[in-house]
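Engineer: Would you mind keeping the following structure in view while I ask a few things?
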Amino acid sequence: MQCFQQVESGLPAIDFVLAGSDRGRPPSHGVGGGRRMARFPTGSPWHANREVGDRLTWRGRNFIDAFVAINNCDLVRARMFDLQARQSLESSVAAGPPDERSELYHFVCGASAGSRMCAGDTTVELRAGDLWRVFRRDRPGTVHGGCGGSVHLELVLARRHGGSSAVMLADEQHFWGPQNKSRAVA
């Protein structure tokens, strides 16, 4: 059974996540030199996912909002985590009860050599800018941080009206632009 499907690769992950010491803290605004939390529009799913929303740049949030919208879904839950070198973590988002309307996506915000994701007997190498769809199984996936650590964003989306799963574009078309193909190792 297929566990992972690459939706996009080569996305500008460096522009999507706040860099360096700003991670985990709201962006700084020049007025008064103090920090304040990002403002989210009324009804925004980022209110319920504020911790992740504050770590993403406006470009990152806009990309996710657009991806959710074109797939006729709602953002249910977002989780961002950092892995240190050689650290592994079982995906807690994927471990939830299966729901035929929900879909799990894994965005690689930063990766080093050896970063990979495994589920069952399927393993995929991870690169910064990769967006993967994760198919639920009886066992959740495990993410490995590689030799230099990695940063990951997991998204749970719920389809609004039963219908088909997320939009997949033809090989020559991409949601973001030109990209490189990643190879899955079975």
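Here, each number is a calculation from the coordinates, and none is a lab measurement. Every value quoted in this text rests on a predicted model; they were computed, and no experiment measured them. Cβ: placed from backbone, ideal geometry, glycine included. Neighbour counts: every protein chain shown.
Engineer: Using the count of nearby Cβ atoms within 10 Å as a rough guide to exposure, how do MET80, MET117 rank from fewest to most? Intermediate results must be reported in sequence, preceding the final value.
Structural biologist: Working: MET80 21, MET117 24.
The order, fewest Cβ neighbours first, is MET80, MET117.
Engineer: Along the Cα→Cβ direction, 7 angstrom out, place labels at ASN72 and ALA158. What is the inter-label distance in nm?
Structural biologist: Each label point lies 7 Å from its Cα, and together they span 1.7 nm.
Engineer: Give the order of TRP46, TRP58, TRP132 when sorted by the count of other beta carbons within 10 angstrom, beginning with the fewest. List each step's numbers first, then the result.
Structural biologist: On the way: TRP46 20, TRP58 11, TRP132 24.
Ordered from fewest to most neighbouring Cβ atoms within 10 Å, TRP46, TRP58, TRP132 come out as TRP58, TRP46, TRP132.
Engineer: Set the Förster radius R0 to 41 Å, insert the Cβ-Cβ distance between ARG59 and ARG86 as r into 1/(1 + (r/R0)^6), and round the FRET efficiency to 0.05.
Structural biologist: Working: r = 30 Å, r/R0 = 0.74.
Working from the Cβ atoms, E equals 0.85.
Engineer: Further question on the same structure: Quick one: which residues, 5+ away or cross-chain, put their amide H under 5 Å from the amide H of GLY141? H built at 1.01 Å from N.
Structural biologist: SER91
Engineer: Moving to a separate point now. Convert each backbone phi in region 117-123 into a coupling constant with the Karplus relation 6.51 cos²θ - 1.76 cosθ + 1.60 (shift: θ = phi - 60°), then list the ³J(HN,Hα) values in order as whole Hz, x for Gly and Pro.
Structural biologist: Ordered by residue, 3J(HN,Hα) equals 10, 10, 8, x, 9, 9, 10 Hz.
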